[in-house]
There are 2 protein chains.
Amino acid sequence: MSVTLTPERVRLTKDLTALFEPKSIAVIGASRRPEAVGYAVMKNLISGGFTGNLYPVNPKADTIENLKSYASLLDIPDTIDLAILVVPSTTVPQLIRDCGQKGVKAVIIISAGFREIGEAGVALEKEVIDEANRQNLPILGPNCLGLINTDDNFSMNASFGRTMPKRGNIAFISQSGALCTAILDYAKGQNMGFSKFISLGNKCDLSEVHLLQYLKDDPHTDVILMYIEDLQDGWTFIQEAREITGDAKNKKPIITIKSGRTQQGAKAAASHTGSLMGSDAVYDAIFAQAGVLRADSVSEMFDLAKIFAYEPVIQGDCVAIVTNAGGPGIMATDACIRSGLSMASFHKNTTEQLKKVLPPASNISNPVDVIGDARNDRYRDAMRIAISDSNVDALVVILTPQAMTDIEDIAKAVVDAERSTNKPVVACFMGISDVSKGVDYLEEHHIPHYPFPEDTARALAAMNRYRLWTKRPRTRVKKFKVDSEKAKRMIEYAHREKITHVGTYLAMDILKAYKFPVLPYGFAGSGKEAIKVARQVGFPAVMKIVSEEIVHKFDVGGIRLNIQNVKEAKKAYDHMMRTVKKKEPKAHIKGVMLQKMADKGREVILGMNRDQQFGPILMFGLGGVYVEAFKDVTFRLAPIRELGAERMIKAIRAYPLLKGIRGEAPADLKMIEECLERLSQLACEHPLIQEIDINPLMVYSDKSGAHVVDARIVLKK
Amino acid sequence: MSVTLTPERVRLTKDLTALFEPKSIAVIGASRRPEAVGYAVMKNLISGGFTGNLYPVNPKADTIENLKSYASLLDIPDTIDLAILVVPSTTVPQLIRDCGQKGVKAVIIISAGFREIGEAGVALEKEVIDEANRQNLPILGPNCLGLINTDDNFSMNASFGRTMPKRGNIAFISQSGALCTAILDYAKGQNMGFSKFISLGNKCDLSEVHLLQYLKDDPHTDVILMYIEDLQDGWTFIQEAREITGDAKNKKPIITIKSGRTQQGAKAAASHTGSLMGSDAVYDAIFAQAGVLRADSVSEMFDLAKIFAYEPVIQGDCVAIVTNAGGPGIMATDACIRSGLSMASFHKNTTEQLKKVLPPASNISNPVDVIGDARNDRYRDAMRIAISDSNVDALVVILTPQAMTDIEDIAKAVVDAERSTNKPVVACFMGISDVSKGVDYLEEHHIPHYPFPEDTARALAAMNRYRLWTKRPRTRVKKFKVDSEKAKRMIEYAHREKITHVGTYLAMDILKAYKFPVLPYGFAGSGKEAIKVARQVGFPAVMKIVSEEIVHKFDVGGIRLNIQNVKEAKKAYDHMMRTVKKKEPKAHIKGVMLQKMADKGREVILGMNRDQQFGPILMFGLGGVYVEAFKDVTFRLAPIRELGAERMIKAIRAYPLLKGIRGEAPADLKMIEECLERLSQLACEHPLIQEIDINPLMVYSDKSGAHVVDARIVLKK
């Protein structure tokens, strides 16, 4: 897949109305046997209260759950919007043909026995999708749990889960069917509701991107949760997701769990970029570019879902805490600061008011400690005063169950406080048993509740990150004027000659065509030329052997640093020829490259590796020996925008080194950004390039530019 | 506080028998008013079923809860082991005197109104502790929730908490009373029990160290939990804790939450070591040296407590997973690898057996997927086979509630599997509501249960870290033969002269006396001497100005590098004198120091900062500009043992750089270790030294040693 410089919006839109909002459903493979999946689906549709017409199809039964059963889909006298297939996998292709004939508008294939079972299944799945494409039929699955739409107008539980979830404003898309059942159960336990619940299965046709497109405009959905194991197309996902999270009129946060984090599988690659780029780093890049919040665990996903589903987005990063216990107040403060929030400093008026209503031993600055014997009245006052302070962007209410704590009444006070403000209010009633009635009350009234201060802070911090995402400056992908044609000629020449590891000389030529800040350099095929070229590039100079066959130049004496004058240049040339020929007698030596030595600056690495699935991935990090030791690098899918380049630089841990510590002048960050953007353009315009390392790029102080000291380019085979 | 080289075991032992195991208790300030704390304490003692005699003391009541009330402690006709004070704070000193007179053996002061309220309280608390010391009375509190001992022989709830916890093998020590009530409630909700439950309060007399000493030998306690906000004495804590966690006959894990992590308060300090040493870094060092597991949150503390309380310690790091769902299996695998565990690779025999008992679509390698329709028989078989594999050190059982999952029967199967093996077995039944009965069964039968795969892995990983701690090699604090007397003379001279920032020359002399690998150096007071000294130290050489008044030598032209011969040395001397005198006309210039220039190696920093509370703290990290940018440093309290020095080096992120990457030779790690140990000795033997920075120590390849390039020493004022 080649990604163009400004990727066209990939038009994937499918009409999913019949899938989510059918007026009639045929369940093919409906069953009377309670242990059968075909029974569970029928039963769920009926007990879930599906509002449309239901038609069981089963040649061996006359009636299923009081409904007339049909021998075949084609026997049903009415039109069918949605067909649900719960049949042996081998019968599916024929049934898809039947669906076409019948005019069905969408299909859910619950049946397993496809790609997941190996070769035979892959073939069968291909047959299905070919047939569906012919019929222009959208298909969910196969090998999935089904789909749920809690909208009262449909009330459709087209799944074989154990539970019909409550109605709510959260949509969930899962690539694991089994996880769905667990998710439904967690949600039930926390009184959380869903708008839509979708099990993706093998994604033979519909992928997360189509579903995101549908959910973007779904008025019942305010938050989207996803569990994914892989994405087929990074860019369409990024485009769709960034539209939903940051650009649409009704922005919606997307919270994702991506599993397979520790995948050991960074394939052997010639470049640093390639070897450092594990698949997980790519997903981190995709989520960063898409504005998607990545949760590390199911529990974190739920914690985040709650606050986004129930509370308005925080408008700043300043938190006020009201607590009846000092220790947990400190814990919450710690957790807030650690996760990037600030503690609000109260206006004088606020502390004065707090002083009036709270007993003398209370702490009237933030975190406000109403002390252990506080009852709901004291909480009420403290919450009201704290939340009214204009320095406060969010309120955290902590309760420990002391002997005199009227837990339920305090829960009511929290609900009232939340209703009175447009700032987020979250609660942390610490405990399980004694606090349970209070917690139930909070959950019923949609106050985000967390059992521990740390989870509470984490959820608020995620909301703050989302705010910063939606408020970020919008920039564009720059297109520099470069000599793309010249680069193309060189790349194609090398490709024709079957040169995969392009020599430094040619690599420099390519970078020069893209106007990277390369130092003066030249080629010399003889001692005489070496003198001439050395004089042209200037001193001190570096000499490097030019030979396609020699990879480790240094080891064979093929690099000479610090050449001070023409005499040394001539001597170095002769010496190098002798030494290298002795050590690598078979290598075909073209000559040497002379280059001006770079002044000392800060070394960074810029890289690109073309991923089979996601296209060119850019890397940025601290250069030299540190790139490997610290693995202090960051990735983005190309093309990057201006802001993306800026953020890549800021994302590495060593950023303070570049910004300048101890009063040092900052590095020329603008020049690094520009180089990253040029690299992005180069990668996008020349799909034959497989890998690029610019290592090091020597960066000088602000406005003093940078120099490409060394570079390697690897072409596709 | 000066710490000697091998700190004497601090004898703090107090006899706490009467505190934990009293035969008779007087509650002074017992009350009939239900809202009074003095009522709650009485009520808890009675309803908790205290097995000894109870005596309420209240001059205003005749009877409290059917017990005769006494006007004064002294009126009680019998002997009293333990007195509990729930009275206005000002009356406490007199009551302590009464306790002495009465022969009371231990006191709990629940009353607040001491140090926590400011100056007046501090004075009152001092009066109390002076009196108690005279009486040799151990005191718990003041300002605490009380103490609980669930041992059937005492069954004592001497607290005003809401709940009497179940009996169990976990002890909890808390510096926050309010947190105690939350902890009791979490524990109740998870069916967890405690052996002892102790609220420390203000720690006027008894600190966590005394309680650890008691719990060490308590046969009812297998795991110790602590919530602490500060430690008064790092070394006594380290000694006591490392004895319990790693050396005692009955080793017990200690799990700690330390709050105040983000304390902004690293005070301004002259050295790198000082400025990088936040209080939290010191606590991390203390816990590392004590073998204490630090939990980041209350929830993590509980997760860890459960596995240690219920399961045998893991004997290796290889985990097997049995799951009925692929997605959660991947999530658990990810979490295991990320937290430092490995996935067990099964013996051939194991997979063969699994193949026999599981359906064809199952995954018979690790993680074992028994597929969604698995019932308890399939789980039973898979667990039995997996846990019998000698490559497996622990078993994780994951369940998602599918339609046909018989959750409770699977819970029973897990309990049976756990009973059949001496390897840890932990469960993760995903969900809340549907799985609740199964989870209850697991909790009743003491199977550690976690709602999410990530928590499950984290608990197992902590257990693995604890195993590694108990199995670590035991080393000693080395004592090098050095010229300590000479160092002492120099330090005392400088201190007498009120020199706090010792010049490089003197610093080198001190380090030389401790046989650090310093390069040849010498002092020159004239151009002639410069020639002589330069010849002695060798070329290339460095020249540095010697003047107490000049701190930033480089800025005033007081440093000259790369002096190649005697002629250059003379010239450099003359030039430096002129330049420096011009720029710093008022400075008193003694002359210059000449030193051989170090060869290029890997730069590290070694440092020491003497903490008021914890004594000398050692630092190690990557040197040069990176020390500040990456803050890649680690700390230990001095003195360190051999293993401690080794672990400091391994603890930094840049360790791979020192070990050698890309086939590079490793650095001379042994020499770094030795330097750290010498630094430890220097710091311990000379309490007048406030700070030391050896920056950089230039380290060469293995067995090639290292050189101190620059050093600064700051003395106490």
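Quick notes on this structure:
- If you go through the stretch A:349-364 and keep only what is within 14 Å of chain B (Cβ to nearest Cβ), in a loop (DSSP other than H, G, I, E, B) and surrounded by 15 or more Cβ atoms within 10 Å (Cβ to Cβ), you end up with just A:362.
- When residues of the stretch A:659-688 are limited to those that are within 14 Å of chain B (Cβ to nearest Cβ) and touching a strand residue (DSSP E or B) at 6+ places or on another chain (Cβ under 6 Å), the one farthest from residue A:517 (Cα to Cα): A:665
- Among residues of the stretch B:459-476, those that are at pLDDT 95 or above and either farther than 17 Å from residue B:252 by Cα or among the hydrophobic types (A, V, I, L, M, F, W, C) (or both), counted: 7
- Residue match in the stretch B:518-529 (condition: modelled with pLDDT under 95, in a helix (DSSP H, G or I) and either among the basic types (Lys, Arg) or at positive phi (or both)): yes
- Some residue of the stretch A:375-388 being at the interface with chain B (Cβ under 10 Å from one of its Cβ atoms) and within 30 Å of residue A:300 (Cβ to Cβ): no
- Among the candidates A:392, A:368, A:396, the residue that is away from every other protein chain (no Cβ under 11 Å) and within 21 Å of residue B:183 (Cβ to Cβ) is uniquely A:396.
- Residues located in the stretch A:407-446, provided they are assigned to a loop (DSSP other than H, G, I, E, B), free of Cβ contacts under 8 Å to residues at least 40 places away in the same chain and within 13 Å of another protein chain (Cβ to nearest Cβ): A:431, A:432, A:433, A:434, A:435
- Residue tally, condition surrounded by fewer than 24 Cβ atoms within 10 Å (Cβ to Cβ) and outside any loop (DSSP other than H, G, I, E, B), over the stretch A:197-211: 2
- Any chance residue A:321 is within 8 Å of chain B (Cβ to nearest Cβ), of a type in the set (Val, Ile, Thr) and within 38 Å of the chain's Cα centre (by Cα): no
A quick yes/no check of all residues on (1) in contact with a strand residue (DSSP E or B) (Cβ under 8 Å, 6 or more places away or on another chain); (2) part of a strand (DSSP E or B); (3) closer than 23 Å to residue A:463 by Cβ; (4) in contact (Cβ under 8 Å) with a residue 60 or more places away in the chain:
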residue: A:321; (1), (2), (3), (4): yes, yes, yes, yes
residue: A:381; (1), (2), (3), (4): no, no, no, no
residue: A:387; (1), (2), (3), (4): yes, no, yes, yes
residue: A:405; (1), (2), (3), (4): yes, no, no, yes
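- Test: residue in the stretch B:684-699 that is assigned to a strand (DSSP E or B), over 28 Å from residue A:626 (Cβ atoms) and not charged (D, E, K, R): yes
Quick grid of which residues meet (1) of a type in the set (Val, Ile, Thr); (2) part of a strand (DSSP E or B):
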residue	(1), (2)
A:606	no, yes
A:610	no, yes
A:627	yes, no
A:656	no, no
A:663	no, no
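- Scanning the stretch B:324-335 for residues that are in contact with a helix residue (DSSP H, G or I) (Cβ under 6 Å, 6 or more places away or on another chain) and either modelled with pLDDT of 95 or more or more than 14 Å from residue B:386 (Cβ to Cβ) (or both) yields B:325, B:327, B:328, B:331, B:335.
- Matching entry among B:179, B:147, B:137, B:211 (being out of contact with any Asp or Glu (no Cβ under 7 Å at 6 or more places or on another chain) and within 13 Å of chain A (Cβ to nearest Cβ)): B:179
- Qualifying residue in the stretch B:65-87 (condition: over 24 Å from residue B:14 (Cβ atoms) and either within 40 Å of the chain's Cα centre (by Cα) or within 14 Å of another protein chain (Cβ to nearest Cβ) (or both)): no
- Verdict on residue A:401 being modelled with pLDDT of 95 or more and either away from every other protein chain (no Cβ under 14 Å) or touching an Asp or Glu at 6+ places or on another chain (Cβ under 7 Å) (or both): no
- Screening the candidates B:217, B:185, B:230 for the property of being away from every other protein chain (no Cβ under 14 Å) and farther than 20 Å from residue B:50 by Cα yields one hit, B:217.
- Annotation: residue A:654 fulfils all but one of (1) within 14 Å of chain B (Cβ to nearest Cβ); (2) in contact with a Cys (Cβ under 9 Å, 6 or more places away or on another chain); (3) among the small types (Gly, Ala, Ser); the unmet one is (2).
- Here A:704, A:680 are screened, and the one residue that is assigned to a helix (DSSP H, G or I), in the same structural domain as residue A:638 (by TED's automatic domain parsing), of a type in the set (Gly, Ala, Ser) and at pLDDT 90 or above is A:680.
- Checked against (1) part of a loop (DSSP other than H, G, I, E, B); (2) surrounded by fewer than 23 Cβ atoms within 10 Å (Cβ to Cβ); (3) of a type outside the set (Val, Ile, Thr), residue B:169 passes all but condition (1).
- The lone criterion from (1) part of a helix (DSSP H, G or I); (2) more than 25 Å from residue A:433 (Cα to Cα) left unmet by residue B:458 is number (2).
- Inclusion of residue B:207 among residues that are more than 18 Å from the chain's Cα centre (by Cα) and among the polar types (S, T, N, Q) is not warranted.
- Looking only at the stretch B:335-348, and only at residues there that are part of a helix (DSSP H, G or I) and touching a residue at least 40 places away in the same chain (Cβ under 8 Å), the one that is nearest to the other protein chains (Cβ to nearest Cβ): B:338
- Residue match in the stretch B:477-498 (condition: in a helix (DSSP H, G or I) and touching a Phe, Trp or Tyr at 6+ places or on another chain (Cβ under 7 Å)): yes
- Conditions (1) under 27 Å from residue A:626 (Cβ atoms); (2) touching a helix residue (DSSP H, G or I) at 6+ places or on another chain (Cβ under 6 Å); (3) among the aliphatic types (A, V, I, L, M): number failed by residue B:580: (1)
- Selected residue [under 25 Å from residue A:225 (Cβ atoms) and modelled with pLDDT under 95] from A:302, A:308: A:302
- Residue that is nearest to residue B:330 (Cα to Cα), among those in the stretch A:150-176 that are hydroxyl-bearing (Ser, Thr, Tyr) and away from chain B (no Cβ under 13 Å): A:150
The values are calculated or read from the model by the stated rules, or taken from the named source; none is laboratory data. Every value quoted in this text rests on a predicted model; they were computed, and no experiment measured them. Please note: Cβ atoms are built from the backbone with ideal geometry, for glycine as well, and neighbour counts cover all protein chains shown.
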